[in-house]
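Taking it in order: structure first as structure tokens, then the write-up.
The values are calculated or read from the model by the stated rules, or taken from the named source; none is laboratory data. In this text the structure is predicted, and so the values were computed from the model without any measurement. Cβ placement follows ideal geometry from the backbone for every residue including glycine, while neighbour counts extend to all protein chains displayed. When the accessible area is computed, the model is the full protein with side chains, heavy atoms only, and any ligands, DNA or RNA have been set aside. Shrake-Rupley method; radii C 1.70, N 1.55, O 1.52, S 1.80 Å.
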Amino acid sequence: MRQNIITGDWVVIAPERAKRPSDFITSGMVRRDHKDNCAFCVGSAAWHTRLRGVKDETDHIYVIPNKYPAFVQAADRCERRSFPEETFFTSKPAVGGHDVLIIKDHDLLLPQFSQIVMLQTLVMLQRRYQWYAESACAPEYMMGIYNHGHEAGASIWHPHAQLFASAIIPNLIMKEKQGAERYYESNGVCVFCDLLKHERSTKVRLQVESQRFTSFTFYAARFPFELMILPNNHQSRFEDASLTDLVNLATVLREVLGRLYRVLNNPPLNIFIHSLPNTSSESDYYHWHIEIAPRLTTYGGFEMGGSTIIDVVSPENAAKFLREEHI
């Protein structure tokens, strides 16, 4: 059993329940979509609803409000106070925003993005973070995500990222923030900085080590081949990363996703960006980062019933396999 040093959550690493990392090589995703009726292609109905600001489109990306948003923009409803239902249950308005960042090239797969497409995706996500942070009804939290493949929640094949801007801090982010704050109070240093120092020193889970970012499989992984990417220098907000940072990050993402694509034969996966909530100022204890979660297994009763995850591939074996096999 291993404990997540940030959140305190326990996971079970049980490689006995699987044979070896190569068992997770997928059969590959088969696309069954067609450009002729694609909902996101240039010229579609979605294209005509795109945001028209100077910063909302590049030569490779355009942005639209999600047609079925999880959080709704409502300038007249900035009030976020919780209110009870019959003095028992608590709820609050689901205000905020929900963007879709659409790559114009229908045929691109995420692991095959060129450097410029990957960079423009990161830049556009950052612009939308900044726009929401400066809006009249600034949300408490923004999270950029990318769902790759149907099993990872992508209902439309056309390549696209999403940005959720919510009136709440998601549960996992709150646990990260609270755990990082406790670690800082006890040790006087950022837990993510210590984690980065440890992984770069031991190298057993290390994947890519660049000038500005480092990627590694996570010690207390919730999924086989789960990866984290951290800025080498302490930064608490993704939206404050420099253009030079984003250029280097695009390179690291392409390398990491390329390895997963080649070694595991284009697995479905989720990418999410964790940044400091808007409710806090610049932080010495929180360090923004990216998590990559290949969707190679499903949760059973123990995971669902106890919220304690069983990972059937050790992060050390996953790292070794990604570094050395079939590359």
If R0 = 22 Å, then Val42 and Gln130, at their Cβ-Cβ distance, give a FRET efficiency to the nearest 0.05 of 0.30
Per the C-alpha gyration tensor (a ≥ b ≥ c, the square roots of its eigenvalues), the stretch 154-283 is rounded if a/c is under 1.5, else prolate if a/b beats b/c, else oblate; here it's oblate
All alpha-carbon distances of the stretch 81-207, grouped into 5 Å bins from 0, give the whole-percent distribution 2, 8, 13, 12, 15, 17, 15, 10, 5, 2, 1, 0
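Longest segment of the chain with no GluC sites (Glu not before Pro) in a DSSP loop having at most 10 other Cβ atoms within 10 Å?
Numbers: sites that count: Glu86, Glu134, Glu282.
No qualifying site falls inside 135-281, the longest such stretch.
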Options (1) 19.8, 64; (2) 19.9, 60; (3) 21.6, 67 are given for Rg and Dmax of the Cα atoms in Å, and the computed one is (2)
In the chain, taking the dipole from +1 charges on Lys and Arg beta carbons and -1 charges on Asp and Glu beta carbons about the Cα centre, the listed residue (Ala161, Gln115, Thr214) farthest towards the positive end is Gln115
Toy charge model, Lys and Arg Cβ at +1, Asp and Glu Cβ at -1: the stretch 151-266 dipole around Cα centroid in debye, rounded to 20, equals 280 debye
Measuring from its Cα centre, the chain shows a charge dipole (+1 at each Lys and Arg Cβ, -1 at each Asp and Glu Cβ) which, in debye to the nearest 20, is 500 debye
Note to self: with every protein chain in place and a 1.4 Å probe, the stretch 153-276 gives an accessible area per residue in Å² of 37 Å²
Residue span Ser27 to Ala70: 0.36 nm per residue of separation minus Cα-Cα distance leaves a gain in nm of 12.3 nm
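Give me the percent of accessible area attributable to carbon and sulfur for the stretch 46-201, probe 1.4 angstrom.
The value for the stretch 46-201 is 54 percent carbon and sulfur by accessible area.
For the stretch 217-295, what % of the accessible area comes from carbon and sulfur atoms, probe 1.4 Å? Could the numbers behind the result be given before it?
Details: 1040 of 2240 Å².
For the stretch 217-295, the apolar C and S fraction of the accessible surface comes to 47 percent.
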